[in-house]
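> Following this message is one structure expressed as structure tokens.
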Ligand SMILES: Nc1ncnc2c1ncn2[C@@H]1O[C@H](COP(=O)(O)OP(=O)(O)OP(=O)(O)O)[C@@H](O)[C@H]1O
Ligand SMILES: [Mg+2]
């Protein structure tokens, strides 16, 4: 890295650190000691609802999270087997 | 065959987490499949140093207690495809990690990755013992300073007696990373010399990482130093260390930032 680039980079890393910490600590404080935070709870309950209707293979569930300052993004990918096919409609009827 | 590597030190704050992130990333940058595992339950920080803190959903304790699948707790690095992190939990419960639970997770990680790199908590208590128990390879992180060297000696003793390998009568592969090394102070005779530390601890040297502001900058932006500034002196030290871990024979030198006179002065081979 050149001298100038070095200077530039140095001046800019502390504000990045501050922003990252503010976001993280806001989430950690609201979650409280030892408790799962809102997003974790949402995630768990959403999966419970899905599991009530279809057999969810835990290995086929991917959860992604991006905590932000204004808003956070919770992404839940569930592979639902044969939804809408004749088979699953039959299953629905049986359940009802 | 997968290798489990523990980064340990006894003494706190010597650079274990920094080294875990940098070595893990360096191995992954060379194409190896790597996971870095945070064993510092209650005080997790590896996620922050790796820049993954906003993406933590589940952690090691969730996996051990059966609340999540391993695949759900692993976070894939956004910069290096072959690098993942398994965060520690923030719980205060000291018994959250069970020996059987850790064993099961280690087994599963061995199947998925080439390298499983465990960031040990400081101390010689249960957490540190669990972190080292399954290791094939140990990287002992030491600062050139008396109390750090003494604690490293304790840890080396534990590696040779309390690990799974030791109990089976096998030798665990041990390496030394000397970090926060200040070439100028060493030249003035104000710091323990590399030769002295090596003679006292008598384990092979994996690398000398200089004291560098690049390390602070890297942790500010949430990237291992080998990613944030691959050309920097500490990054080059970690890249070389990663190559040595893979069996390459390289002379150990202290990488320096400046080219020219400094380079010539300090690029003295010590191994
Ligand atoms: N080569 C280096 N140059 C400058 N600072 C460094 C270097 N290595 C580590 N540090 C700094 O030293 C401090 C402790 O580092 P780190 O968190 O990696 O230590 P640790 O052994 O994991 O600590 P703990 O025992 O608390 O887990 C950090 O502020 C880190 O930025
Ligand atoms: Mg640490």
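> State all residues of the range B:180-225 that are in a helix (DSSP H, G or I), touching a helix residue (DSSP H, G or I) at 6+ places or on another chain (Cβ under 8 Å) and more than 14 Å from chain A (Cβ to nearest Cβ); if no residue qualifies, say none.
B:183, B:186, B:187, B:194, B:197, B:200, B:201
> Could you tell me whether residue B:42 is within 14 Å of chain A (Cβ to nearest Cβ), within 16 Å of ligand 1 (Cβ to nearest atom) and more than 15 Å from the chain's Cα centre (by Cα)?
Details: within 14 Å of chain A (Cβ to nearest Cβ): yes; within 16 Å of ligand 1 (Cβ to nearest atom): yes; more than 15 Å from the chain's Cα centre (by Cα): yes.
Judged against the criteria, residue B:42 is a match.
> A follow-up question, please. Collect the residues in the range B:48-74 that are facing chain A (nearest Cβ under 9 Å) and within 19 Å of the chain's Cα centre (by Cα), keeping them in residue-number order.
Within the range B:48-74, B:48, B:51, B:53 qualify.
> Go through the range B:227-271 and give me each residue that's modelled with pLDDT of 85 or more, more than 14 Å from chain A (Cβ to nearest Cβ) and assigned to a helix (DSSP H, G or I).
Result: B:237, B:238, B:239, B:240, B:241, B:242, B:243, B:244, B:245.
> In the range B:25-34, is there at least one residue being within 12 Å of ligand 1 (Cβ to nearest atom) and either away from chain A (no Cβ under 14 Å) or buried (at least 24 other Cβ atoms within 10 Å of the Cβ) (or both)?
Restricting attention to the range B:25-34, the residues satisfying the condition of being within 12 Å of ligand 1 (Cβ to nearest atom) are none.
Scanning the range B:25-34, I find no residue that is within 12 Å of ligand 1 (Cβ to nearest atom) and either away from chain A (no Cβ under 14 Å) or buried (at least 24 other Cβ atoms within 10 Å of the Cβ) (or both), so the answer is no.
> A further question on this structure: If you check residue B:72 against the conditions, is it farther than 23 Å from residue B:138 by Cα, within 15 Å of ligand 1 (Cβ to nearest atom), surrounded by fewer than 23 Cβ atoms within 10 Å (Cβ to Cβ) and touching a residue at least 12 places away in the same chain (Cβ under 8 Å)? Show your work before the answer.
Details: farther than 23 Å from residue B:138 by Cα: yes; within 15 Å of ligand 1 (Cβ to nearest atom): no; surrounded by fewer than 23 Cβ atoms within 10 Å (Cβ to Cβ): yes; touching a residue at least 12 places away in the same chain (Cβ under 8 Å): yes.
The answer is no for residue B:72.
> Tell me, yes or no, whether the range B:95-116 has at least one residue that is within 18 Å of residue B:219 (Cα to Cα) and away from chain A (no Cβ under 12 Å). Spell out the reasoning first.
Going residue by residue through the range B:95-116, those that are within 18 Å of residue B:219 (Cα to Cα) are none.
Checking the range B:95-116: not a single residue is within 18 Å of residue B:219 (Cα to Cα) and away from chain A (no Cβ under 12 Å).
> Anything in the range B:110-129 that is over 10 Å from residue B:35 (Cα atoms), more than 13 Å from ligand 2 (Cβ to nearest atom) and in a loop (DSSP other than H, G, I, E, B)? List them, or say none. Full working, then the answer.
So in the range B:110-129, the residues over 10 Å from residue B:35 (Cα atoms) come out as B:111, B:119-129.
Filter again for more than 13 Å from ligand 2 (Cβ to nearest atom), leaving B:111, B:124-126, B:129.
Within the range B:110-129, B:124, B:125 meet the criteria.
> Right, next: Taking the conditions exactly as written (modelled with pLDDT under 85, surrounded by 12 or more Cβ atoms within 10 Å (Cβ to Cβ) and more than 9 Å from chain B (Cβ to nearest Cβ)), does residue A:37 satisfy them or not?
On the way: modelled with pLDDT under 85: yes; surrounded by 12 or more Cβ atoms within 10 Å (Cβ to Cβ): yes; more than 9 Å from chain B (Cβ to nearest Cβ): yes.
It is true that residue A:37 is modelled with pLDDT under 85, surrounded by 12 or more Cβ atoms within 10 Å (Cβ to Cβ) and more than 9 Å from chain B (Cβ to nearest Cβ).
The values are calculated or read from the model by the stated rules, or taken from the named source; none is laboratory data. Not measured: the values here are computed from a predicted model. Note that each Cβ is placed from the backbone with ideal geometry, even for glycine, and that neighbours are counted across all protein chains shown.
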